[in-house]
1. How many of the residues in segment 243-282 are among the polar types (S, T, N, Q), part of a loop (DSSP other than H, G, I, E, B) and out of contact with any helix residue (DSSP H, G or I) (no Cβ under 6 Å at 6 or more places or on another chain)?
2. Quick one: how many residues across segment 274-307 are closer than 30 Å to Asp444 by Cβ and at pLDDT below 95?
3. What residue, of Leu387, Leu447, is over 30 Å from Glu171 (Cα atoms) and part of a helix (DSSP H, G or I)?
4. Which one is surrounded by the most Cβ atoms within 10 Å (Cβ to Cβ), of the residues in segment 61-88 that are outside any strand (DSSP E or B) and among the hydrophobic types (A, V, I, L, M, F, W, C)?
5. Exactly one of these conditions fails for Tyr499: (1) in contact (Cβ under 8 Å) with a residue 24 or more places away in the chain; (2) closer than 30 Å to Leu213 by Cβ; (3) over 28 Å from the mean Cα position of the chain (by Cα). Give me its number.
6. Sort out which residues of segment 295-310 are closer than 11 Å to Gly268 by Cα and part of a helix (DSSP H, G or I), and write them in order of number.
7. Within segment 315-331, track down each residue that is surrounded by fewer than 20 Cβ atoms within 10 Å (Cβ to Cβ) and either part of a loop (DSSP other than H, G, I, E, B) or without any contact (Cβ under 8 Å) to a residue 40 or more places away in the chain (or both).
8. Please give the strands (runs of 3 or more DSSP E) falling wholly within segment 454-504 in which 3 or more residues are surrounded by 13 or more Cβ atoms within 10 Å (Cβ to Cβ).
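The values are calculated or read from the model by the stated rules, or taken from the named source; none is laboratory data. None of the values given here were measured: they were computed from a predicted structure. Because the Cβ atoms are built from the backbone with ideal geometry, glycine has one as well, and the counts that use them run over all protein chains shown.
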Amino acid sequence: MVKKFGFIAHMPDEPGSLERAAGIIKKYEGNINRIQYDRRIDPCTVFYEVTASLDSYARITSDLASIGYLQTSLNPQSFLKFSVHLPHTAGSLSRFLKYTTDSGANIGFIDFDDAGRHPDRLTVSLNLEDPASVEQLLDKLKSRYQLEILEYDTMGKHLDDTIFYVRFAQEIRELIGESENTFLLSFLADTNHIAQELMNRGNNPRQVFDSVLLTGRTMRATTGVNFYADIQQIPVTDKVTLFCFQMPCGGSIYILTTGKETMMIDTGYGIYHKDVMRMLSQYGLGDERRFGQLIISHADADHCGAGGFFPTGALMHTGTMDIIKTNNRAYGSRSEHSVLEAFYTKMINLFSQFSPSKDITCLPPAGTATRSIFPILGAVRIGDLELEVLEGLGGHTFGQIYLYARSDGLLFTADAVINFSSLTPERAAYNSLADFLVTSVNVDSDLARKERRALLELAVETDQNLAPRKKRCWICGGHGAVSVLENGKLVPFGEITRYSVTNP
């Protein structure tokens, strides 16, 4: 039985290396499905996907390993940069390089010019996998040459681009902690695959790797003492108050409360959960046991990624549950087989400490009743407020739902309608990373446009119905501020206050 396998080869930057590896794959009747190599990124690393039988794949990797081509680890390497004074005699450089070669060092930079300002000085940077070999090399060199250490890094933070992927793996470790080589190699191959895809669409592959790292770093940089949120508090009925909490990154969290019972709509990222609960306590909402209802609008991590921290089970669409299970936000859509969507889901879930609800109740199938173009799946209630649950068409993700209270003017639009003008520059910049990595956050842009038009028309109709009571339709988008329509444009409603750890 043939299957598709992936592996990473680290081979000499010399003519014939690729041919030699391809020959081994051919020898065991493997078929190359994907190959990616770009010496502008890393001159020695090649990514392969091959179709072969299990026995053939084992033989391929065994032969590659025997000649030193198979990469099985991404261990942190030490970086050493120094100057050495060499005598002006024939063979001096050759004798020096023998010491570096014997130590297993990979030279990333070398500079010497006898007509320059320092005619007897050679500057070298080295990458070494074994920290002990650094000390041994330095001991040998110090006994023979005059040395000046310019940089010495044992944490892999200054590795040069001759081993780009090792450096990238070390930066991933800093975001997620120590991980097995098998996992890092798989993550690296997936990252390379989307870099290849986006490069073929005209993008710079370095921007891909930078965007992946920036996504994780931005999340981490806005936790703990750096956590903040922008907050709106709106009395919806005589008994129910709405809170909107805009997270530093990702979607907004909504809470409806009567003081005795509480409903949460979307949870934010898992990485923010402790910060969120600390913040909610400032508003008398910090007791997790008080959340009688948890409703998930859709399966993206910034909307459901902290559900597993709550004792309350979550109500969601079956499509949302299926996306969580398959770990692919494009599941159930025409983009289901997109490598960009599949990778983005894995990446964002990893960086955001994804912890979805384990106790899940799925909404019933749609009947014949509709609201505008949306099937009505049922209703949820808190206090004197009743919200219809509307089924989306699958534009943003399969299984996205909306909540609508016609008589009280409340419309939760998830990520179908967002007041982008209400996003701070920092939030807008973070959201742009997803736009770049998946090219569109909507798995079906045509359906997404259709849903947005219908929801805005529903908001206009609701405004007209509520005008005699001098009430408005509050549009609660998946990101940004609760807004109302003014001359066809979304405008934030009421006062917005800032919570931060230093200024709760």
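1. First pass over segment 243-282, keeping only residues among the polar types (S, T, N, Q): 246, 252, 257-258, 262, 267, 281-282.
From what is left, the residues that are part of a loop (DSSP other than H, G, I, E, B) are 258, 267, 282.
If we keep only those that are out of contact with any helix residue (DSSP H, G or I) (no Cβ under 6 Å at 6 or more places or on another chain) as well, we get 258, 282.
Total meeting the criteria: 2.
2. Restricting attention to segment 274-307, the residues satisfying the condition of being closer than 30 Å to Asp444 by Cβ are 293-307.
Okay, now just the ones that are also at pLDDT below 95, so 293.
Selection size over segment 274-307: 1.
3. Values: Leu387 fails: part of a helix (DSSP H, G or I).
Among Leu387, Leu447, only Leu447 is over 30 Å from Glu171 (Cα atoms) and part of a helix (DSSP H, G or I).
4. Of segment 61-88, the ones outside any strand (DSSP E or B) are 61-69, 71-77, 86-88.
Subset that is among the hydrophobic types (A, V, I, L, M, F, W, C): 64-65, 67, 74, 86.
Values: Leu64: 21, Ala65: 13, Ile67: 13, Leu74: 25, Leu86: 16.
Ranking the qualifying residues of segment 61-88, first place goes to Leu74.
5. (3)
6. Ala301, Asp302, His303, Cys304, Gly307
7. If the condition is that a residue be surrounded by fewer than 20 Cβ atoms within 10 Å (Cβ to Cβ) and either part of a loop (DSSP other than H, G, I, E, B) or without any contact (Cβ under 8 Å) to a residue 40 or more places away in the chain (or both), then Lys325, Thr326, Asn327 are the ones that fit.
8. Passing ranges, in order: 474-477, 483-486, 489-492.
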